[in-house]
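Report on the structure given below.
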Amino acid sequence: MQFPALPEPHALAVLVLTVVALYLFSREELPLETSSLLVIAVLALGFQLFPFQRQGLVLQPVDFFHGFGHEALIAVCALMVVGHGLVRTGALEPIGHFLARMWSISPTISLFATLLIGAVLSAFVNNTPIVVLLLPILVSVSMRTGVSASGVLMPMGFATLVGGMSTTIGTSTNLLVVAVAADLGVERFDMFDFVAPAAAAGGIAILYLWLIAPRLLPEREALMPDASPRLFSARLNIPEKSDFVGKTLSDAIKKTSGALKVNRIRRGGDTQIFPLPDAVLRPGDQLVVRDTPGKLKDFERALGATLYTGDDPVDEEHPLSAEDQQLAELVVIQSSPVNGMSLRSNRFVDRYQLAVLALHRQGRAITEPGKDISDIRLHTGDVLLVQGARDQIARIKEENQLLVLDATADIPHTAKAPHALVIMAGVVLLAAFGILPIAISAVCGALLMILTGCLRWRDASNALSAQVILLIVASLAMGSALLQTGGTEFITQAFLALTRGAPGPVVLSALMLLMAMLTNVVSNNAAGVIGTPIAVGIAHELGLPPEPFVLAVLFGANMSYATPMAYQTNLLVMTAGNYRFSDFMRIGVPLTIIMWLMYSWLLPIIYGI
């Protein structure tokens, strides 16, 4: 076995940058947008300072920005908007109601129907809104029936990933791999060209997720059964004998070590005084506060006050009450305005009028030294335990900007739902029959969503993800740099040296396994874009058709099952089901092996290699 000689310096530098980039993409402490933009900037600056010429052609640094106008990115963004239109109008509501009714009849059959419907829908719509639709339904059903949600949420999430592999528009990775392969001269895949192997392998996967996976998953307790006590509104009455009569409000606050937060001061019946720090307290003043029962009692003792609820002092006959208040678990999703921001910088409390009681990440409460919850930067999959008025929780549910796990508000539905369904069907059919490229049909669909009132421009902009956009552009830039400098040629030769003498099907299977392992550590988009030129190069070196090798990359890059950080929906189900990292390994690794073996068997048969 003889490895190829090291490539020239530019290619070697790009290879090193690619390794560094893949490492950065896997780090939580660095925002994905920052690492993606860093890669683009380093590539452009590096080739500007150290020009590269090959076969008489100079690689222009501005070429690395062409990804912003790449047809695959345009299609991905347009499909995000169209998919958001389905969610925003409640067009998928009938499916949700149907599944909710079925669960009351037969949970076993209902789980199978949920997995199947989730997989089919994900073939045409990004799986994130599908998971967002199904999560509250399954959590609610689990609460009503007493069945652990952990046995159904992960299988549902994986089913949407399996279904997304079956069409060119099922995932952004599919669109990217197909587009990059076409740029390399491979005949463009139509929408349903690989649905046969995907359906065959997916069918086995659905059976595994239905019959075996729930039995392998341990029962987990509810996400946050008692994560934080409920807040109660009350009044602290200042009696004449209190030491704080004649003192300022700031003095009272200092006595509680700054924990006391006064909403207003009630004086002499209905007179309301703004709680300024220098407000002087008088006998009979009532401090209107809102906090946990334990803290309210602490304030009562510290100030020598009397705690009231309404017109009665708090005692066993008149306990604290929080009328029309509801606890809810809000999950940060990709399109949430607060994603990537802190609650304070987003003005969350002012915007939603909700009290944030706790913040959980991957099933555990998180805090940062010296930081309040409102100062912590939020990520996709984070869960906020909030309390507020029932109508406020319902409004958040309707806006679809945060996933409400346990609110009882109905799924939103508007008269625009039929329009959204027709538009989505048109986008799919026009692309499926080759009338329009998917990038054009999706852009037209996004425009129609706006013109018909299914979405407002604010909704459309919220549907777009800076993370996805910058990651795709960075991946395309790295792929282009590797290809033009000879980096992919070096990787291809090294891979062939490792598999020298092996038949074509074995090389294909090894490539797919490599992609499956890579995608669980870094972004599936990055794995797909970098792997596609390598797959085409391997096929040419072996004298075999490139299509099965491209599909090996596509399918392998979509096998994001073994780790929670492999895909954003994994984080959503992890937080909702209170899963641990080991749970993903327990269910995801066997699923990866099943899919890998099925595709390793099917692709050589279908393409005759």
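When you go through (1) in the same structural domain as residue 449 (by TED's automatic domain parsing); (2) modelled with pLDDT of 90 or more; (3) among the small types (Gly, Ala, Ser) one by one for residue 96, which number turns out not to apply?
Residue 96 satisfies all of (1) in the same structural domain as residue 449 (by TED's automatic domain parsing); (2) modelled with pLDDT of 90 or more; (3) among the small types (Gly, Ala, Ser) except (2).
Is there a residue being in contact with a helix residue (DSSP H, G or I) (Cβ under 7 Å, 6 or more places away or on another chain), assigned to a loop (DSSP other than H, G, I, E, B), modelled with pLDDT under 80 and surrounded by fewer than 19 Cβ atoms within 10 Å (Cβ to Cβ) anywhere in the range 246-257? Spell out how you get there, then give the answer.
We begin by selecting, within the range 246-257, every residue in contact with a helix residue (DSSP H, G or I) (Cβ under 7 Å, 6 or more places away or on another chain); these are 252, 255-256.
Remaining after also requiring assigned to a loop (DSSP other than H, G, I, E, B): 256.
From what's left, modelled with pLDDT under 80: none.
No, the range 246-257 has no match at all.
Looking only at the range 45-59, which residues are free of Cβ contacts under 8 Å to residues at least 40 places away in the same chain and either touching a Lys or Arg at 6+ places or on another chain (Cβ under 8 Å) or not in a loop (DSSP other than H, G, I, E, B) (or both)? Lay out the reasoning, then the answer.
First, pick out the residues of the range 45-59 that are free of Cβ contacts under 8 Å to residues at least 40 places away in the same chain: 45-46, 48-49, 51, 53, 55-58.
Of everything in the range 45-59, those that are free of Cβ contacts under 8 Å to residues at least 40 places away in the same chain and either touching a Lys or Arg at 6+ places or on another chain (Cβ under 8 Å) or not in a loop (DSSP other than H, G, I, E, B) (or both) turn out to be 45, 46, 48, 49, 53, 57, 58.
Output the residues belonging to the range 468-508 that are assigned to a loop (DSSP other than H, G, I, E, B) and more than 30 Å from residue 76 (Cα to Cα).
Filtering the range 468-508 down to residues assigned to a loop (DSSP other than H, G, I, E, B) leaves 486, 499-503.
499, 500, 501, 502, 503 - these are the residues of the range 468-508 that are assigned to a loop (DSSP other than H, G, I, E, B) and more than 30 Å from residue 76 (Cα to Cα).
Could you say whether any residue in the range 398-416 is at pLDDT below 75, in a helix (DSSP H, G or I), not β-branched (Val, Ile, Thr) and not assigned by TED's automatic domain parsing to the domain that holds residue 150?
yes
Taking the range 160-185 on its own, how many of its residues are at negative phi and part of a loop (DSSP other than H, G, I, E, B)? Steps first, answer last, please.
So in the range 160-185, the residues at negative phi come out as 160-184.
Filter once more, so that each one left must be part of a loop (DSSP other than H, G, I, E, B): 164-171, 184.
Within the range 160-185, residues that are at negative phi and part of a loop (DSSP other than H, G, I, E, B) number 9.
Would a scan of the range 546-559 turn up a residue that is buried (at least 24 other Cβ atoms within 10 Å of the Cβ), of a type in the set (Gly, Ala, Ser) and in a loop (DSSP other than H, G, I, E, B)?
Filtering the range 546-559 for residues buried (at least 24 other Cβ atoms within 10 Å of the Cβ) gives 548-559.
From what is left, the residues that are of a type in the set (Gly, Ala, Ser) are 552, 556-557.
From what is left, the residues that are in a loop (DSSP other than H, G, I, E, B) are none.
Within the range 546-559, not a single residue is buried (at least 24 other Cβ atoms within 10 Å of the Cβ), of a type in the set (Gly, Ala, Ser) and in a loop (DSSP other than H, G, I, E, B).
Only residues that are over 31 Å from the mean Cα position of the chain (by Cα) and buried (at least 22 other Cβ atoms within 10 Å of the Cβ): list them for the range 491-510, please.
In the first step, residues of the range 491-510 are kept if they are over 31 Å from the mean Cα position of the chain (by Cα); the result is 491-507.
491, 507 - these are the residues of the range 491-510 that are over 31 Å from the mean Cα position of the chain (by Cα) and buried (at least 22 other Cβ atoms within 10 Å of the Cβ).
Yes/no per residue for (1) free of Cβ contacts under 8 Å to residues at least 60 places away in the same chain; (2) under 20 Å from residue 194 (Cβ atoms); (3) within 21 Å of the chain's Cα centre (by Cα):
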| position | (1), (2), (3) |
| --- | --- |
| 516 | no, yes, yes |
| 523 | no, no, yes |
| 528 | no, yes, yes |
| 532 | no, yes, no |
| 547 | no, yes, no |
| 552 | yes, yes, no |
| 555 | no, yes, yes |
| 558 | no, yes, yes |
| 563 | yes, no, yes |
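Taking the range 93-120 as the region of interest, how many residues are hydrophobic (A, V, I, L, M, F, W, C), in contact (Cβ under 8 Å) with a residue 40 or more places away in the chain and either closer than 17 Å to residue 149 by Cα or surrounded by fewer than 24 Cβ atoms within 10 Å (Cβ to Cβ) (or both)?
Residues of the range 93-120 hydrophobic (A, V, I, L, M, F, W, C): 95, 98-100, 102-103, 105, 109, 111-113, 115-117, 119-120.
Checking which are in contact (Cβ under 8 Å) with a residue 40 or more places away in the chain leaves us with 100, 103, 111-112, 115-116, 119-120.
The next check asks that each one be either closer than 17 Å to residue 149 by Cα or surrounded by fewer than 24 Cβ atoms within 10 Å (Cβ to Cβ) (or both); those that pass are 100, 103, 111-112, 115-116, 120.
Residues meeting the conditions: 7.
Go through the range 451-479 and give me each residue that's surrounded by fewer than 22 Cβ atoms within 10 Å (Cβ to Cβ) and in contact (Cβ under 8 Å) with a residue 60 or more places away in the chain. Give the derivation first.
Filtering the range 451-479 down to residues surrounded by fewer than 22 Cβ atoms within 10 Å (Cβ to Cβ) leaves 451-453, 456-459, 461, 464, 466-467, 469.
Once the filter is applied, which keeps residues that are surrounded by fewer than 22 Cβ atoms within 10 Å (Cβ to Cβ) and in contact (Cβ under 8 Å) with a residue 60 or more places away in the chain, the range 451-479 yields 459, 464, 466, 467, 469.
Using the structure shown, decide if residue 303 is modelled with pLDDT of 75 or more, farther than 26 Å from residue 388 by Cβ and crowded, with 17+ Cβ neighbours inside 10 Å.
yes
Enumerate the pairs (first residue in the range 22-43 and over 21 Å from residue 557 (Cα atoms); second residue anywhere and outside any helix (DSSP H, G or I)) with beta-carbon separation below 7 Å, excluding pairs fewer than 6 apart on the same chain, so at least 6 apart or on different chains.
Matching pairs, first to second residue: 31/340.
Restricting to the range 129-174, what's the tally of residues that are closer than 27 Å to residue 81 by Cα and either polar (S, T, N, Q) or modelled with pLDDT of 90 or more (or both)?
Filtering the range 129-174 for residues closer than 27 Å to residue 81 by Cα gives 129-139, 153-174.
Checking which are either polar (S, T, N, Q) or modelled with pLDDT of 90 or more (or both) leaves us with 154-168, 171-174.
The qualifying residues number 19.
The values are calculated or read from the model by the stated rules, or taken from the named source; none is laboratory data. Since we're looking at a predicted model, the values are computed, not measured. With ideal geometry, Cβ positions are generated from the backbone for all residues, glycine too; neighbour counts draw on all protein chains shown.
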